[in-house]
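Student: Sharing a structure here in structure tokens format.
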Amino acid sequence: MSKIKDLKLENLDELFPADFTPDQIAKGKTLFLKEVSETMHEFYGGKMQTVPKAGYYGFNWFNVWYSPGVSKVSTEIRDNPERSFDLSNRGNLVAVVSDSTRVLGDGDCGASGGLGVMEGKAYLMKYLGGVDAISLCVDSKNAEGKHDAKKIIEFVKMLQPSVGAVNLEDISQPNCFEVLDTLREECEIPVWHDDAQGTGCVTLAGLINAVKVAGKKLEDVKIAMLGAGASNTTIASLIIQAGGDPKKMVMCDSRGGLHTDRADIEADKAFYKKWDLCQRTNPDKINSIEEAMKGADVLIALSRPGPNTVKPEWVSSMADKAICFVCANPVPEIYPHAAKAAGAYIVATGRGDFPNQVNNSLCFPGLLKGALLVKAKKITDNMAIAAAYAIAESAEANGLTPDYIAPLMDEPQTFPAVAKAVALQAIEDGVARVEMTGDEVYAQAKKEIDEARNLTDHLIENEFIKKPTIEMIEACLEKAIELVG
């Protein structure tokens with residue numbers, strides 16, 4: 001008898017044999033979701049397609065949408081390039097750009113290897129934010145065979161006349177720092193690095209609520225951070241800007257703690273953001289994550305996938321009502337059940353099959369929608385922090401608990417609220433091309449998000465999107481159970 005009752009894929013824990021341990025169930029869920037993902041990507045041939053947004057009512061409409069009628073659009077944009085946002089889909093179009101050198105937890109997957117992730121970003125932008133997106137994976141290798149940040153920079157500069165914003169994704173360090181910082185300053189459209197800024201935004205949102213639930217204050221908590229890549233360095237920066245005390249923060253990379261004695265970081269100009277944190281944090285020059293976690297209120301880990309990267313005994317050494325953000329993908333640094341058993345009060349991961357999903361998908365659809373609606377020229381740190389507070393408030397309105405510090409991805413009210421907060425902050429920061437009221441932004445964002453969801457539902461109901469069979473999903477489950485067993 002099939003354990004898969006429908007296509008919702010809910011209550012995954014209940015799909016596995018009763019004699020499976022918590023570790024086996026956690027491993028089984030990961031394997032099951034991977035098997036389903038590969039099967040469904042092959043079934044559909046990817047996740048995204050292009051469909052018209054304008055109507056066809058008779059033969060001469062071809063002459064309206066193309067030649068000769070479209071000539072009027074070309075000359076109008078020629079004479080006033082800003083009109084491209086109104087007369088084309090540019091105003092609601094994001095390019096998701098990657099060189100696939102750091103794909104989730106899988107590392108360098110070759111230029112095309114990131115297409116599944118980039119299409120996934122496009123899918124979430126459309127369904128959750130009402131934003132159109134195109135996946136653009138590029139070969140960033142130069143003549144010497146090395147990945148070159150300047151090639152990505154030049155590519156984005158060349159494509160910016162066609163899109164309203166660029167979402168950078170899965171670019172390895174240190175290139176990710178150079179690419180983002182250069183493009184933020186030199187482009188006339190928002191360039192957003194979701195691995196860094198998006199993860200920073202949603203982690204800050206979760207932390208704002210977690211410290212409330214634990215009865216603590218952001219400015220007082222001691223924070224240990226494992227991993228010093230683009231994500232954690234940006235998280236640290238946003239936490240400090242939001243009121244966290246840098247002197248109570250310790251960040252560790254693969255060589256130990258970041259502090260002013262780290263000559264290796266000081267000497268490498270590519271890691272200027274890490275060197276800045278060396279100077280601002282860890283005044284006691286703690287040299288290991290194990291030592292940093294002793295008495296810490298918060299752990300924020302974005303490092304090597306687990307499940308034993310963070311040891312239970314390290315969690316046990318933390319302060320009362322400890323908060324653990326273990327957000328490596330696809331497997332957290334320690335499984336939530338193990339962290340709870342070791343004494344953690346609140347545990348968050350990047351996955352939706354565990355409580356407290358702190359995932360940047362809560363941020364980027366609404367944030368980019370808000371930036372696009374006011375035709376922002378860039379996304380400031382203030383806009384990311386405004387988005388974080390909007391996300392936190394969306395969850396708080398539903399009632400916070402140790403297992404609910406962030407809204408769920410299927411709580412649609414979050415995304416127009418984020419769009420509103422971001423758009424208003426863009427206006428305040430002077431980077432918006434147009435001004436709108438908060439109510440106008442919220443209403444427009446909600447309308448377009450509802451339309452995107454309704455369109456998807458319509459395509460499913462009318463079988464333009466085919467439904468997979470239960471048997472296909474069941475086969476994936478059987479394979480995952482076999483692999484675990």
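The values are calculated or read from the model by the stated rules, or taken from the named source; none is laboratory data. Computed from a prediction, not measured in an experiment: that's the story for all the values here. We place every Cβ from the backbone using ideal geometry, glycine too, and count neighbours over all the protein chains shown.
Student: Please state which one of Ala344, Ala319 is of a type in the set (A, V, I, L, M, F, W, C), part of a loop (DSSP other than H, G, I, E, B), surrounded by fewer than 20 Cβ atoms within 10 Å (Cβ to Cβ) and more than 15 Å from the chain's Cα centre (by Cα).
Tutor: After ruling out the rest, the residue left standing is Ala319.
Student: Would you point out the residue of segment 95-128, among those that are farther than 23 Å from Lys375 by Cα, small (Gly, Ala, Ser) and part of a helix (DSSP H, G or I), that is nearest to the chain's Cα centre (by Cα)?
Tutor: Gly120
Student: Could you please let me know if Val331 is within 14 Å of Ala348 (Cβ to Cβ), touching a helix residue (DSSP H, G or I) at 6+ places or on another chain (Cβ under 8 Å), of a type in the set (A, V, I, L, M, F, W, C) and not in a strand (DSSP E or B)? Walk me through how you get there before you give the answer.
Tutor: Working: within 14 Å of Ala348 (Cβ to Cβ): no; touching a helix residue (DSSP H, G or I) at 6+ places or on another chain (Cβ under 8 Å): yes; of a type in the set (A, V, I, L, M, F, W, C): yes; not in a strand (DSSP E or B): yes.
When the stated conditions are applied, Val331 does not pass them.
Student: Identify, from the list Gly46, Gly69, the residue that is surrounded by 10 or more Cβ atoms within 10 Å (Cβ to Cβ), among the small types (Gly, Ala, Ser) and more than 37 Å from the chain's Cα centre (by Cα). Quick ask: steps written out before the conclusion?
Tutor: Values: Gly46 fails: more than 37 Å from the chain's Cα centre (by Cα).
Of Gly46, Gly69, the one residue that is surrounded by 10 or more Cβ atoms within 10 Å (Cβ to Cβ), among the small types (Gly, Ala, Ser) and more than 37 Å from the chain's Cα centre (by Cα) is Gly69.
This table checks each residue for (1) buried (at least 24 other Cβ atoms within 10 Å of the Cβ); (2) within 20 Å of Asp195 (Cβ to Cβ); (3) out of contact with any Phe, Trp or Tyr (no Cβ under 7 Å at 6 or more places or on another chain); (4) at pLDDT 95 or above.
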residue: Cys363; (1), (2), (3), (4): yes, yes, yes, yes
residue: Gly366; (1), (2), (3), (4): yes, yes, no, yes
residue: Ala371; (1), (2), (3), (4): yes, yes, yes, yes
residue: Lys377; (1), (2), (3), (4): no, no, yes, yes
residue: Ala384; (1), (2), (3), (4): yes, yes, yes, yes
residue: Ala388; (1), (2), (3), (4): yes, yes, yes, yes
residue: Glu393; (1), (2), (3), (4): no, no, yes, yes
residue: Glu396; (1), (2), (3), (4): no, no, yes, yes
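Student: Taking segment 370-413 as the region of interest, how many residues are closer than 19 Å to Gly129 by Cβ and aromatic (Phe, Trp, Tyr)?
Tutor: 1
Student: Now for a different question. Residues Pro307, Pro283: which one is surrounded by fewer than 16 Cβ atoms within 10 Å (Cβ to Cβ) and touching a residue at least 12 places away in the same chain (Cβ under 8 Å)?
Tutor: Exactly one of Pro307, Pro283 is surrounded by fewer than 16 Cβ atoms within 10 Å (Cβ to Cβ) and touching a residue at least 12 places away in the same chain (Cβ under 8 Å), namely Pro283.
Student: Right, here's the next one. Report, ordered by the first and then the second residue, all pairs with beta carbons closer than 6 Å, sequence separation of six or more or different chains, a first member in segment 92-120 that is of a type in the set (D, E, K, R), and a second member that is crowded, with 21+ Cβ neighbours inside 10 Å and assigned to a loop (DSSP other than H, G, I, E, B).
Tutor: Going by the 6 Å Cβ cut-off, the qualifying pairs are Asp99/Ser140; Asp99/Ile171; Arg102/Asp170; Asp108/Thr101.
Student: Same structure, new question: Hey, any hits in segment 90-103 for a residue that's under 23 Å from Leu136 (Cα atoms), aliphatic (A, V, I, L, M) and either out of contact with any helix residue (DSSP H, G or I) (no Cβ under 8 Å at 6 or more places or on another chain) or loosely packed, with under 12 Cβ neighbours inside 10 Å (or both)?
Tutor: So far as segment 90-103 goes, no, none of its residues is under 23 Å from Leu136 (Cα atoms), aliphatic (A, V, I, L, M) and either out of contact with any helix residue (DSSP H, G or I) (no Cβ under 8 Å at 6 or more places or on another chain) or loosely packed, with under 12 Cβ neighbours inside 10 Å (or both).
Student: Further question on the same structure: Limited to segment 355-386, what total is found for residues that are part of a loop (DSSP other than H, G, I, E, B) and either closer than 22 Å to Lys216 by Cβ or within 17 Å of the chain's Cα centre (by Cα) (or both)?
Tutor: Qualifying residue count, segment 355-386: 7.
Student: Quick check, is Trp61 surrounded by fewer than 19 Cβ atoms within 10 Å (Cβ to Cβ), farther than 24 Å from Ala371 by Cβ, touching a Gly at 6+ places or on another chain (Cβ under 9 Å) and of a type in the set (Phe, Trp, Tyr)?
Tutor: yes
Student: For residues that are hydroxyl-bearing (Ser, Thr, Tyr) and crowded, with 24+ Cβ neighbours inside 10 Å, tally how many sit in segment 403-434. Working first, answer last.
Tutor: Of all residues in segment 403-434, those hydroxyl-bearing (Ser, Thr, Tyr) come to 404, 414.
Imposing the further condition that a residue be crowded, with 24+ Cβ neighbours inside 10 Å reduces the set to 414.
Residues flagged as hydroxyl-bearing (Ser, Thr, Tyr) and crowded, with 24+ Cβ neighbours inside 10 Å within segment 403-434 amount to 1.
Student: Tell me which residues, restricted to segment 219-255, are of a type outside the set (Lys, Arg), assigned to a loop (DSSP other than H, G, I, E, B) and touching a residue at least 24 places away in the same chain (Cβ under 8 Å).
Tutor: Glu219, Asp220, Val221, Gly227, Ala228, Gly229, Ala242, Gly243, Gly244, Asp245
Student: What number of residues within segment 269-293 are assigned to a helix (DSSP H, G or I) and either farther than 22 Å from Gln173 by Cα or of a type in the set (Phe, Trp, Tyr) (or both)?
Tutor: Residues meeting the conditions: 7.
Yes/no matrix, rows are residues, columns are (1) β-branched (Val, Ile, Thr); (2) more than 17 Å from Lys47 (Cβ to Cβ); (3) outside any helix (DSSP H, G or I); (4) at pLDDT 95 or above:
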| site | (1), (2), (3), (4) |
| --- | --- |
| Val431 | yes, yes, yes, yes |
| Glu435 | no, yes, yes, yes |
| Asp439 | no, yes, no, yes |
| Tyr442 | no, yes, no, yes |
| Ile460 | yes, no, no, yes |
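Student: Right, something else. Give me a count of the residues in segment 446-464 that are among the β-branched types (Val, Ile, Thr) and touching a residue at least 12 places away in the same chain (Cβ under 8 Å).
Tutor: The total comes to 2.
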